[in-house]
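Novice: Sharing a structure with you now.
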């Protein structure tokens, strides 16, 4: 395929789907001269989030890279405290973002949380600060080789890239054993002490809920209340194919109850299985990589709105139009290299949930699964061969009883952190815990954005009174309808490219014609002379 075609379609995907992350230059975070572990240097600042500017304090927290080694070097982490807007603030809210492999400085919740609480963000070691575990080797390798990103050759390339990244980071002086969840917890505790807070509230999402669980075990006296959104108990950084299948089956049941969806298929899950196992390898000029399609499928199934676009693309493919799958295959190369800070993901996720006895390739991609666990294969199979995993202590890899007042918030169709995990594996260990399961909602963005006023009431009531008021939530059935789906976008993108090529060809033809006429005129003039 011509390179201009690839570029033009890539731009269309970026602008339309908004799936590629935008990044901006940031000031480097450095360890101040003469600083000691535990030092926190703050100054007044303005922090902007969601186009709103907040009065805040910004600065740097200095910590050891590896607290188990007295001679460990110091690293620096960014810290932002948005000041409470009310006159009598109570316990602050300490934010724990999802990941691993994601940054922690960001405010996406209702400003009403600030009425009674400071909002504190401490950068995640390995993802922010003076040491970031970037792996450009892995970012390049993750696009794969050949026609299937999940092939043995592609996974071998990923493993080699992970090995190269780890060796490079270590040669640069990075102690990879210092980038674990317990160390993140101690960073948060160091910030609490430095900010002179007696206790803090925790607000965590996804991976951040695992940080919150270990925090409650190591420092229960430091926590007032803890709200976890998209709960991830120990062992669940590995996405299992049977749970992925179960969530697709749940969507199939919802489809059967939806008039428009059921009119297009008798069984959504079996339709997806048939398409995934018999995927066409090309649409017009665009190749279709089945592994890339399955990986993007899994990521888009996290949330209700994007899940609907996946089902629409698969239904179109079943009807003989695989254009949406081709767009997903192409989008993979734009999404995946920037989806995670790979070294941070591997260091923290591997040290917490890696199992050396598992055959990840065989277990996460069984032949009878609907789509398998494609992103799980991409992460865990290469990591088992290429990343130097050292597990954190066993006691930190299991659930413990906690008396901390805890609110668990789950979506019933969450592909990443199933509600049942929180119900069965964590809630029984929380004497002062409660779980709210939101019907037909997916991962964290759904719980923030589908009914924001209800989420606001739920969180503010819990932090302010200890009673989680979920009365504003109303049943919002899954909407399987899409406006402009992936097949339509693919055709529009191709149409734009064709027009651009035709226009370019016309311009070239006109220029060539003008040059030819000029040469003919000059030749005639010379003959006359």
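The numbers here are math on the coordinates, done by the rules we state, and not lab data. For clarity, every value in this text was computed on a predicted model and none was experimentally measured. Note that we place each Cβ from the backbone using ideal geometry, even for glycine, and neighbour counts take in every protein chain shown.
Novice: Find the relative contact order for region 198-261 and round it to a whole percent, using C-alpha pairs within less than 8 Å whose residues are 6+ positions apart.
Specialist: Across region 198-261, relative contact order equals 35 percent.
Novice: On full extension of the chain, what length is gained from residue 397 through residue 33, given 0.36 nm per residue of separation minus the C-alpha to C-alpha distance? Intermediate results must be reported in sequence, preceding the final value.
Specialist: Details: separation 364, 0.36 × 364 = 131.04 nm, distance 3.67 nm.
Taking 0.36 nm per residue and subtracting the Cα distance, the gain is 127.4 nm.
Novice: Cα-based Rg of region 70-199 per 2.2 N^0.38 Å, rounded to two decimals? Intermediate values should be presented prior to the final figure.
Specialist: On the way: Rg = 19.1 Å, N = 130, 2.2 N^0.38 = 14.0 Å.
Rounded to two decimals, the normalised Rg is 1.37.
Novice: Please work out the Cα center distance from region 43-97 to region 375-412, rounded to the nearest Å.
Specialist: 25
Novice: Which percent of the Cα-Cα distances in the chain go past 43 Å?
Specialist: Counting pairs separated by more than 43 Å, the tail of P(r) holds 22 percent.
Novice: Please report how far the C-alpha centroid of region 177-236 lies from that of region 416-447, rounded to the nearest whole angstrom.
Specialist: Centre-to-centre (Cα) distance: 18 Å.
Novice: Same structure again: Take 314, 475 and order them by how many other Cβ atoms sit within 10 Å, fewest up front.
Specialist: 475, 314
Novice: Express the relative contact order of the chain as a whole percentage, based on alpha carbon pairs under 8 Å and six or more residues apart in sequence.
Specialist: On the way: 962 pairs, mean separation 88.9, N = 529.
Contact order relative to length: 17 percent.
Novice: Now, a different point. Under 20 °C and 1.002 mPa s, how fast does region 161-213 diffuse according to Stokes-Einstein, given a Kirkwood radius computed over C-alpha pairs? Answer in µm²/s, whole number.
Specialist: 161
Novice: So for 461, 323, fewest C-beta neighbours within 10 Å to most, what's the order?
Specialist: Working: 461 17, 323 23.
Ordered from fewest to most neighbouring Cβ atoms within 10 Å, 461, 323 come out as 461, 323.
Novice: Still on this structure: Between helix 3-17 and the chain, what is the angle of the helix's C-alpha long axis to the longest principal axis, kept within 0 to 90° and rounded to the nearest 10?
Specialist: With rounding to tens, the tilt is 40 degrees.
Novice: Among 45, 58, 165, what is the fewest-to-most ranking by other Cβ atoms within 10 Å?
Specialist: Values: 45 14, 58 18, 165 23.
In increasing order of surrounding Cβ atoms, one gets 45, 58, 165.
Novice: Over all alpha-carbon pairs of region 180-308, lay out the pair-distance distribution in 10 Å bins, whole %, shortest bin first.
Specialist: 10, 29, 22, 18, 14, 6, 0
Novice: From the helices alone, meaning DSSP H stretches of at least four residues, give me the mean residue ellipticity at 222 nm for the chain, per-run term -39500 (n - 2.57), in deg cm²/dmol to the nearest 500.
Specialist: Calculated at 222 nm, the ellipticity per residue is -14000 deg cm²/dmol.
Novice: By how many degrees, between 0 and 90 and to the nearest 10, does the Cα long axis of helix 452-465 differ from the longest principal axis of the chain?
Specialist: Roughly 20 degrees between the two axes.
Novice: Just from the alpha-carbon atoms, what are the Rg and Dmax of region 361-442 in angstroms?
Specialist: For region 361-442, the Cα radius of gyration and maximum Cα-Cα distance read 16.4, 43 Å.
Novice: Expressed as a whole number of Å, what is the distance separating the alpha-carbon centroids of region 301-357 and region 98-164?
Specialist: Taking the Cα centre of region 301-357 as reference, the centre of region 98-164 is 14 Å away.
Novice: Moving on. If I model a spin label as a point 7 Å beyond the Cα along the Cα-Cβ vector, how far apart are those points for residue 258 and residue 218 in nm?
Specialist: 4.2
Novice: How far is helix 342-353 tilted off the main Cα axis of the chain, in degrees rounded to 10, range 0 to 90?
Specialist: Between the helix axis and the principal axis of the chain, the angle is about 50 degrees.
Novice: Taking the Cα of residue 243, stepping 7 Å toward and past its beta carbon, and measuring to each backbone N in region 425-461: which are under 20 Å?
Specialist: 425-430, 434-448
Novice: Additional query: Determine which residues of region 369-413 fall in the zone a paramagnetic label at residue 423 would reach in this model, i.e. backbone nitrogen under 13 Å from the point 7 Å along Cα→Cβ.
Specialist: 410-413, by backbone N distance to the label point.
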